[in-house]
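Heads up, the thing below is written out as structure tokens.
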Amino acid sequence: MRQPAHGGNLSWAAALAGCPPSAILDFSASISPLGPPKSAIAAIESQLVHLKHYPDPDYCELRLALSHFHQLPPEWILPGNGSAELLSLAGRELAQLAATVLITPAFGDYYRALAAYHAEVLEFSLSLEATTLPGFQHSYPEVVSGAVLAPPLKQVAFMSDLSLIFDKRQSTKDKGLLLNNPHNPTGVLFSREVILPYLKEFALVVVDEAFMDFLPPEEEQSLIQVVQEYPNLVILRSLTKFYSLPGLRLGYAIAHPDRLRCWQLWRDPWPVNTLAAAAAVAVLQDKEFQEQTWAWLPSVRNQLFGGLASVPGLQPLQGAANFLLVASQQSSLELQQKLLKHHQIFIRDCLSFPELGDRYFRVAVRSWSDNQRLLEALSLVMSNSH
């Protein structure tokens, strides 16, 4: 079975660990451990009787729920079979431009979506810097003046000022920009003000906000509030990570209605199943679960960060989402295999990110006890490697 390009491949992990998939403690997929919410399960159960009918092809109830949630007209929203389906539609449109600018390291599905339509890709790297960085947003007291203080007494962050990344000699008026915010896999959160100028410089800007809902409203940097001002802006959102529903495959795009009507003509009918649509309507109204997640994440993420920083040979980078990127003195592939074979713990190697390679891995933020189990296993593996 080949090495997975995505996290969450429990069949692959279980085969390597020699145990059933249910025995794997999965840190490879950045899914909240708090869900699925009871509201989602109840909504799914209530819709089982309707499986004999086709879904509403216009998803009127779901679009209305999303419109209330984001305070936008329903015609500005298009539900999809996970944000992956919508990314493919964005890739088709980006391929019609002269080129698409990617911020690297980039999520592997971006390359898939662009390659499917033979898009020209221009890569610009988020470089590791040890200086004060403008434009870096955070929700941690450890972050000072835009630079992350990561033990041992070392300022490390990924450069997040886009003006320092792009080659100003190249014209962008005939190009597209595809980026995610918060950035995966680094966890960098671009401020809204950092991105806004590029909406006037690129022909099409696609912002993947799959992890944005992990930030409470007072900290999030979504561009949804300005989408009606920019016909060339597309925002992709996921409902599966925050609400622990990856098996349902559910996301949505927010963009100008003319663009979404065009996308609708390109795709198959009924992309969202009845159960997924019902669960989405329910969780959007589940304020209790949302507040619980925003209250839970910062402290447990800090716990995981501190624990990782205390393991000799590891250096985590602060992030704004529900995962942490970790630099390792030991091969991440070897770490992954040892953790699976001896501890049934699955971390995400970064081999699919060429800029990171075998010296970085990514871990989801899970419960306090799960995090402790990971930290104890990592300490054993790292100490036995010397």
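Values quoted throughout were computed directly from the atomic coordinates according to the rules given, and no laboratory measurement underlies them. As the structure is a computational prediction, the values presented were derived from the model and not from experiment. Note that we place each Cβ from the backbone using ideal geometry, even for glycine, and neighbour counts take in every protein chain shown.
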Mind putting a number on the dipole of the chain about its Cα centre? Charges go on the C-beta only, +1 for Lys and Arg and -1 for Asp and Glu, and I need it in Debye to the nearest 20. 660 debye
Can you tell which of P73, A377, G108 lies farthest toward the positive end of the dipole of the chain, using +1 and -1 charges on the Cβ of basic and acidic side chains (Lys, Arg; Asp, Glu)? A377
Limiting things to C-alpha atoms, what are the Rg and the maximum Cα-Cα separation (Dmax) for the range 245-374, in angstroms? 19.2, 54
Over the chain, what is the percentage of antiparallel beta bridges among all DSSP beta bridges, to the nearest 5? 55 percent
Measure out, as a whole number of angstrom, how far apart the alpha-carbon centroids of the range 3-71 and the range 269-303 sit. 10 Å
Taking Cα pairs closer than 8 Å and at least 6 residues apart, the relative contact order of the chain in percent is 24 percent
What does the charge count around S83 come to, taking other residues whose C-beta lies under 11 Å from its C-beta (Lys +1, Arg +1, Asp -1, Glu -1)? -1
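Taking the number of other C-beta atoms within 10 Å as the exposure measure, put S88, S328 in order starting with the fewest.
S88, S328
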Convex hull around the C-alpha positions of the range 236-289: the volume in Å³ per residue is 91 Å³
Excluding same-chain residues fewer than 8 positions from K341, which aspartates and glutamates have a Cα within less than 16 Å of its Cα? D26, D349, E376
Quick shape check on the chain: root eigenvalues a ≥ b ≥ c of the Cα gyration tensor, a/c under 1.5 is rounded, otherwise prolate if a/b tops b/c, else oblate, and it reads oblate
Taking neighbour counts of Cβ atoms within 10 Å as a proxy for exposure, in what order, fewest first, do R261, R192, R301, R92 appear? R261, R192, R92, R301
Would you calculate a helix-derived [θ] at 222 nm for the chain, using -39,500 (n - 2.57) for each DSSP H run of n ≥ 4 and dividing by the full residue count, to the nearest 500? -10000 deg cm²/dmol
Taking Cα pairs under 8 Å and at least six residues apart, what relative contact order does the range 237-347 come out at, in percent? 12 percent
What does a probe at W270 reach in the range 37-74, counting residues whose amide N is under 14 Å from the point 7 Å along Cα→Cβ? 50-59
The lysines whose Cα lies under 25 Å from the Cα of K175, excluding any fewer than 8 residues away in the same chain, are K200
Return I347, I224 ranked ascending by Cβ neighbour count within 10 Å, so the fewest neighbours appear first. I224, I347
